[in-house]
1. Leu82 fails exactly one of the following numbered conditions: (1) more than 26 Å from Glu129 (Cα to Cα); (2) outside any helix (DSSP H, G or I). What is the number of that condition?
2. Please go through (1) in contact with a strand residue (DSSP E or B) (Cβ under 7 Å, 6 or more places away or on another chain); (2) under 16 Å from Lys11 (Cα atoms); (3) buried (at least 18 other Cβ atoms within 10 Å of the Cβ) for Pro137 and return the number of the only condition it doesn't satisfy.
3. Residue pairs, Cβ under 7 Å, 6 or more apart or interchain, first in the stretch 43-60 and outside any helix (DSSP H, G or I), second of a type in the set (A, V, I, L, M, F, W, C). List them.
4. With respect to the numbered conditions (1) acidic (Asp, Glu); (2) exposed (fewer than 13 other Cβ atoms within 10 Å of the Cβ); (3) closer than 24 Å to Trp39 by Cβ, which one is the sole condition not fulfilled by Glu129?
5. If only one of Leu161, Leu138, Leu122 is in contact (Cβ under 8 Å) with a residue 12 or more places away in the chain, closer than 19 Å to Asp66 by Cβ, of a type in the set (A, V, I, L, M, F, W, C) and part of a strand (DSSP E or B), which one is it?
6. I'm trying to understand the selection: among the residues of the stretch 136-170, which are basic (Lys, Arg) and within 21 Å of Leu92 (Cα to Cα)?
7. What number of residues within the stretch 107-135 are over 25 Å from Leu88 (Cβ atoms) and charged (D, E, K, R)?
8. Can you tell me which residues in the stretch 62-90 are within 15 Å of Ile19 (Cβ to Cβ) and free of Cβ contacts under 8 Å to residues at least 24 places away in the same chain?
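The values are calculated or read from the model by the stated rules, or taken from the named source; none is laboratory data. Everything numeric in this text was worked out from a predicted model, so none of it was measured. Reconstructed Cβ throughout: ideal geometry from the backbone, glycine too, with neighbour counts over all protein chains shown.
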Amino acid sequence: MQIDRIIYPVKTLGPGKRIAVWTIGCTKGCFNCSNPELWAADKSKDIPVPDLYRYLEAICSKNHVDGITFTGGDPLEQAEELLALLALCEKLTGDILVYTGFKIEELDDRTVNELSRHISCLVDGRYEEQKNDNKSPLIGSTNQRIFLFKEGYRDIYSDYLSKGRCVHNLFYSDKLISVGIHNKDK
């Protein structure tokens, strides 16, 4: 799976202290995308799924991890590898969140079934700058939708959504990056 970065702890892409995984590759080209540097595929950053899982497992064994978030790029542009990884990650945490620019209706039935089996939350839809209302901490624009697949996480996500947006700025690989859902410039 092509991966750009893995950061722990992240508190701005879902509830609690999370591992965030940024995948590489996205063909959507959304205007003002927060990560356009992740659009182009990069085979030099390919990590076999078993190795990636072992890395995530090592983080979980040494830290309190509330959940894992997959973002990008678009994780579902590497759907087969992602689905294999999700089945493994379910052993690490029950709360897995996946962001995708695809609408759920654009995904094949098998992918939707596997997602609903292995993850707690899916955020779907392309980012649309003109629909960024500067409010939700989980979606960038109001056309995006939140699908909660595991009822046991409803209260945790409701509480998270009630708190509003925040971003976390940190240094990663000698670069300052800003993690979270950003407000649109007014």
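1. In the conditions (1) more than 26 Å from Glu129 (Cα to Cα); (2) outside any helix (DSSP H, G or I), Leu82 misses (2) alone.
2. Against the list (1) in contact with a strand residue (DSSP E or B) (Cβ under 7 Å, 6 or more places away or on another chain); (2) under 16 Å from Lys11 (Cα atoms); (3) buried (at least 18 other Cβ atoms within 10 Å of the Cβ), Pro137 comes up short only on (1).
3. Final answer for the pair search is Asp46/Met1; Ile47/Met1; Ile47/Ile3.
4. With (1) acidic (Asp, Glu); (2) exposed (fewer than 13 other Cβ atoms within 10 Å of the Cβ); (3) closer than 24 Å to Trp39 by Cβ applied to Glu129, the lone miss is (2).
5. Leu122
6. Lys150, Arg154, listed by residue number.
7. Matching residues across the stretch 107-135 total 6.
8. Lys62
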